[in-house]
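For reference, the structure is listed below as structure tokens.
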Amino acid sequence: MWATAKLMRDVCLPRFPKISIELADQLRDGNIPDNNKDVKCYINCVLEMMQTMKKGKFLFDASLKQVDLILPDSYKEDYRAGLMRCKDASVGIKNNCESAYTILKCLRGEITKFIFP
């Protein structure tokens, strides 16, 4: 799980030079700033790599598959429930980065054992 997270971070961080490792660590810990376009687009990059988002659309079924493939059993139930509650959070949002940010904020609020690369 952590190796997969590191891979995603290693691909997305260089695309957004304004995102420092410290800021990425804050995101990983669940501290998500709401006024930073680069942060929102970095989140989109990671979620697209996770096959959770595509072109601003939340991929609910693909997200459930990722939960089953990547997460330890002790995380799965909490994540499935959070995904279910957040699946429509970004409906109607046209901007891909805003959409990804909205999904992540929802998931962060709904999932107890929240993980983000």
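What follows is calculated from the coordinates using simple rules that are stated; it is not laboratory data. None of these values were measured; they are calculated from a predicted model. For neighbour counting, all protein chains shown are included, and Cβ atoms are generated from backbone atoms with ideal geometry for every residue, glycine included.
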| What is the sum of charges around Pro72, taking Lys and Arg as +1, Asp and Glu as -1, for the other residues whose C-beta is under 15 Å from the C-beta of Pro72? | -1
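From the Cα trace of the stretch 2-110, what convex hull volume per residue do you get, rounded to a whole Å³?
Each residue corresponds to 95 Å³ of Cα convex hull volume.
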| note | Burial-style ranking of 53-62, 78-87, average other-beta-carbon count within 10 Å with highest first, yields 78-87, 53-62
| note | Label model pair Val11, Asn35: point-to-point distance (7 angstrom along the Cα→beta-carbon line) in nm is 3.3
| request: Please turn the phi angles of the stretch 63-76 into ³J(HN,Hα) values with the Karplus equation 6.51 cos²θ - 1.76 cosθ + 1.60 (θ = phi - 60°), one per residue in order, whole Hz, x for glycine and proline. | output: 5, 4, 5, 4, 4, 5, 7, 9, 7, x, 3, 5, 9, 4
| task | At 7 Å along the Cα-to-beta-carbon direction for both Arg108 and Lys18, put a label point, then send me their distance in nm to one decimal. | result | 1.7
| ³J(HN,Hα) across the stretch 4-17 via Karplus (A = 6.51, B = -1.76, C = 1.60, θ = phi - 60°), whole Hz, x for Gly/Pro? | 5, 4, 5, 4, 5, 5, 5, 7, 7, 4, x, 6, 10, x
